[in-house]
Amino acid sequence: MIKNKLVRIKSDAVEIEGMLELPEHPIGIVLFAHGSGSSRFSQRNNYVAEALRTVQIGTLLLDLLTPKEDEEYQNRFNIALLTQRLHAAGNWLRSSEVASLPIALFGASTGAAAALQVAADLGDDIAAVVSRGGRPDLAGHEVLEKVTAPTLLIVGGDDTVVIDLNREAYAHLHCEKKLEIIPGATHLFEESGKLQTVASLAVQWCHWHFDLWNKNQRKLHVE
């Protein structure tokens, strides 16, 4: 049974809304950072989130921008603002009912840059990062070099410009990392079966690293 909860998270002078969905006995939680022009209602991210919940992983999908802010196109590429909001959501999780769970970040488009910024800031507090059709290059080379969380970059094989940008970012990551290029997929993974492949890769990556995280935590408590 999935427990759903609409949450409102304060970030400076605004409140951002999100949907927290928890399966019974979750092993971790994935915080989604949506891309430019998207929201927590993104069909693609919700598809991935549903797949995560089937393997006992909780999800928090939220709007990083208010409706008014989203009307200004430049805000969608304001990585500093998106990062600030994602930090607020992470802090909220750490004071919520799921405070003890490990956190992974899933970023799409510009949201990937914000996710990597937060991962660089929080270090070992982040269990994993996944980027779907993302712009990790927008995080900046210095930030990428500070990321310690295992990072998976997923790109469509026909999304040639974004492939090059991901390869550039990949070269600056010094953590455990993987670049998955899905043949025949475009930027939005709209082709038959391609989004399913994205979801499968994200599930495997997050589940594996949540398992490692939880095993390490149990080992620390025993010692």
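The values are calculated or read from the model by the stated rules, or taken from the named source; none is laboratory data. These figures come from a predicted structure and were not determined experimentally. Positions of Cβ are generated from backbone atoms using ideal geometry, with glycine treated the same way; all protein chains shown enter the neighbour counts.
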- Task: Answer yes or no: is there a residue in segment 184-192 that is surrounded by fewer than 14 Cβ atoms within 10 Å (Cβ to Cβ), under 20 Å from TYR47 (Cα atoms) and touching a helix residue (DSSP H, G or I) at 6+ places or on another chain (Cβ under 8 Å).
- Result: yes
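Give the number of residues within segment 86-100 that are touching a helix residue (DSSP H, G or I) at 6+ places or on another chain (Cβ under 8 Å) and surrounded by 17 or more Cβ atoms within 10 Å (Cβ to Cβ).
Residues of segment 86-100 that are touching a helix residue (DSSP H, G or I) at 6+ places or on another chain (Cβ under 8 Å), as a first pass: 86-87, 90, 99.
Narrowing further to those that are surrounded by 17 or more Cβ atoms within 10 Å (Cβ to Cβ): 86, 90.
Result for segment 86-100: 2.
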- Looking only at segment 5-57, count how many residues are among the hydrophobic types (A, V, I, L, M, F, W, C), modelled with pLDDT under 95 and touching a Gly at 6+ places or on another chain (Cβ under 6 Å). 2
- What are the pairs, 6+ residues apart or on separate chains, where a residue within segment 200-220 that is part of a helix (DSSP H, G or I) has its Cβ under 6 Å from a residue that is charged (D, E, K, R)? LEU201/GLU180
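State which residue is nearest to ILE79 (Cα to Cα) when the search covers only segment 141-176 and only residues that are among the small types (Gly, Ala, Ser) and touching a residue at least 24 places away in the same chain (Cβ under 8 Å).
As a first pass, look at segment 141-176 and keep what is among the small types (Gly, Ala, Ser): 149, 156-157, 169, 171.
Subsequent filtering for residues that are touching a residue at least 24 places away in the same chain (Cβ under 8 Å) retains 149, 156-157, 169.
Working: ALA149: 19, GLY156: 23, GLY157: 25, ALA169: 16 Å.
Ranking the candidates gives ALA169 first.
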- Message: Under 6 Å between Cβ atoms, which residue pairs at least 6 apart in sequence (or on different chains) link something in segment 60-76 that is over 17 Å from ILE9 (Cβ atoms) with a partner that is surrounded by 16 or more Cβ atoms within 10 Å (Cβ to Cβ) and modelled with pLDDT under 80?
- Response: ARG76/SER36
- Task: From (1) closer than 21 Å to PHE32 by Cα; (2) surrounded by fewer than 18 Cβ atoms within 10 Å (Cβ to Cβ); (3) modelled with pLDDT of 95 or more, pick out the condition that doesn't hold for CYS206.
- Result: (2)
